[in-house]
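I have placed the structure first, in the form of structure tokens, so that the comments after it can refer back to it.
The values are calculated or read from the model by the stated rules, or taken from the named source; none is laboratory data. Keep in mind that this is a model prediction, so the values were computed, not measured. Cβ placement follows ideal geometry from the backbone for every residue including glycine, while neighbour counts extend to all protein chains displayed. Accessible surface areas use protein heavy atoms only, side chains included; no ligands, DNA or RNA. Shrake-Rupley method; radii C 1.70, N 1.55, O 1.52, S 1.80 Å.
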Amino acid sequence: MGKLFNVLSRVASPLLPVKRAEFAEPIGDEPVVFLANHMGAVGPMYMAVTFPLRDNVAIWCNEGMMDEKLTVDYVRHDWWWKPESKLAPLYSATIPYIARAIVPKVLRSAPTIPVYRDTRVMSTMRQSLKALKEGKHIVIFPELPDGYSSHAEQLQMGWLNLVSMYHRATGKALRMVPIHIDQENRVFRVQKGITVDPDIPLSEQEQRIERYLAAGIRGQLTE
């Protein structure tokens, strides 16, 4: 982590109320993939700044927020404000440029892995696999925004290929652990993990995995 992120973390930590975690089972010594609810920019802030295992995570981050050349367009198309708001024109003329001046520098200083959505996607996967082999946990926010403060019912599941890559490289099953960041009750609810069955094609398991993770990150799992 860079100095800029470390300084800002110390400033932000007292302002973020969620610091305590409840673990449904021990995480153990092996790396896992944490899947958490996004909550706009708040979810990533919690996972990077106050999550108890924050010193041993690498967080997926959209490259559009890490590259000054892309930040303005990304912010304008990422539901940062209600399009129907009377102040939308003002927000559009100011917020993206403020974000461009600040956010990319902070994110590049944070423990992030750039997420590419073009032919460079394998760079994301290789960096993630390297981090896992080094014992770091990967943090992913798989919810797809479909409006201001709302998300599509289905999760984005392209990251699931990383689980297969890890198994081929190590022979080990990579656990996927959903986290519901419960801001109202000020707690990280870290649910039980789920794994892929290596004897069944991944395509036949994706729906089961997605349903479990979606319920977990939205606080809807029942024992």
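Brief remarks on what is shown
- Backbone geometry of region 70-83 corresponds, through the Karplus equation with coefficients 6.51, -1.76 and 1.60 at θ = phi - 60°, to 3J(HN,Hα) couplings of 10, 4, 4, 5, 4, 4, 5, 10, 10, 6, 6, 8, 6, x Hz, x marking Gly and Pro.
- Point-charge dipole on Cβ atoms (K/R +1, D/E -1) for the chain, about Cα centre, debye to 20: 820 debye
- Over region 174-223, the reciprocal of the mean inverse Cα-Cα separation, the Kirkwood hydrodynamic radius, stands at 11.7 Å.
- Flagged links, alpha-carbon separation over 27 Å, of LYS19/LYS86; LYS82/LYS136; LYS136/LYS192; LYS19/LYS105; LYS172/LYS192; LYS19/LYS192: LYS19/LYS86; LYS82/LYS136
- In the chain, the calculated helix contribution to ellipticity at 222 nm averages -12500 deg cm²/dmol per residue, counting -39,500 (n - 2.57) for every DSSP H run with n ≥ 4.
- Overall, the accessible surface of the chain at a probe of 1.4 angstrom is composed of carbon and sulfur to the extent of 54 percent.
- Peptide ranges 43-49, 157-163 listed from the most packed, as the mean C-beta count within 10 angstrom indicates: 43-49, 157-163
- Rolling a 1.4 Å probe over the protein heavy atoms leaves MET122 with an accessible area of roughly 90 Å².
- Between GLU210 and THR170, the modelled labels are 2.6 nm apart [label points 7 Å from Cα along Cα→Cβ].
- Evaluated at q = 0.13, 0.24 Å⁻¹: base-10 log I(q)/I(0), Debye formula over Cα of region 1-47: -0.42, -1.09
- In terms of accessible area, using a 1.4 Å probe and ignoring ligands and nucleic acids, HIS77, HIS137 rank largest first as HIS77, HIS137.
- 3J(HN,Hα) along region 86-99, derived from phi through the Karplus expression 6.51 cos²θ - 1.76 cosθ + 1.60 where θ = phi - 60°, amounts to 5, 8, 3, x, 5, 4, 5, 7, 10, 4, x, 7, 5, 4 Hz, with x in place of Gly and Pro.
- Area of THR94 that stays accessible when all protein chains are in place (1.4 Å probe, Å², to 10): 50 Å²
- Take ARG20: with every protein chain present and a 1.4 Å probe, its accessible area is about 120 Å².
- Accessible surface calculations at 1.4 Å, restricted to protein heavy atoms, place the chain at 55 Å² per residue.
- q = 0.21 Å⁻¹: log10 I(q)/I(0) that the Debye formula gives for region 1-88, counting C-alpha atoms only: -1.21
- Inter-part distance, region 106-143 to region 2-34, computed on C-alpha centroids, equals 17 Å.
- Full-extension gain in nm, SER150 to HIS77, via 0.36 nm per residue minus C-alpha separation: 24.9 nm
- Working note: Karplus 6.51/-1.76/1.60 with θ = phi - 60° gives region 147-158 the couplings x, 5, 6, 9, 9, 5, 5, 7, 8, 6, 10, x Hz, where Gly and Pro are set to x.
- Antiparallel DSSP beta bridges within the chain, as percent of all bridges there, nearest 5: 30 percent
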